[in-house]
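**Q** Sharing a structure here in structure tokens format.
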Amino acid sequence: MAGAEWRKSSHSGAGNDCVELVVSRSGAAVRDSKKPESGHLAFADVEWAEFLGAVKGDLLCDR
């Protein structure tokens, strides 16, 4: 994710509990804004769609 432009999630809290993400055509990645050097979780495009579906409560994602 070198050179990626990370942005704070619009669902992050007002305090220090921030999640940053980067989204591209091939997928997405998320990381803790307090410790960006600790790494990130990367998702392929299909995995990202499934992850968002699960987070939103819609566990019936089509592949």
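**Q** Scan around residue 18 for amide H atoms under 5 Å from its own, H built in the peptide plane at 1.01 Å from N, and keep only partners 5 or more places away or cross-chain.
**A** 33, 34
**Q** Follow-up question, since we're still on this one. Please express the Cα-Cα pair-distance distribution P(r) of segment 7-55 as a list of whole percents, one per 5 Å bin, running from 0 to the bin with the greatest distance.
**A** 5, 21, 27, 26, 16, 5, 0
All of the numbers you see were taken from the coordinates with simple rules; none came from a lab. In this text the structure is predicted, and so the values were computed from the model without any measurement.
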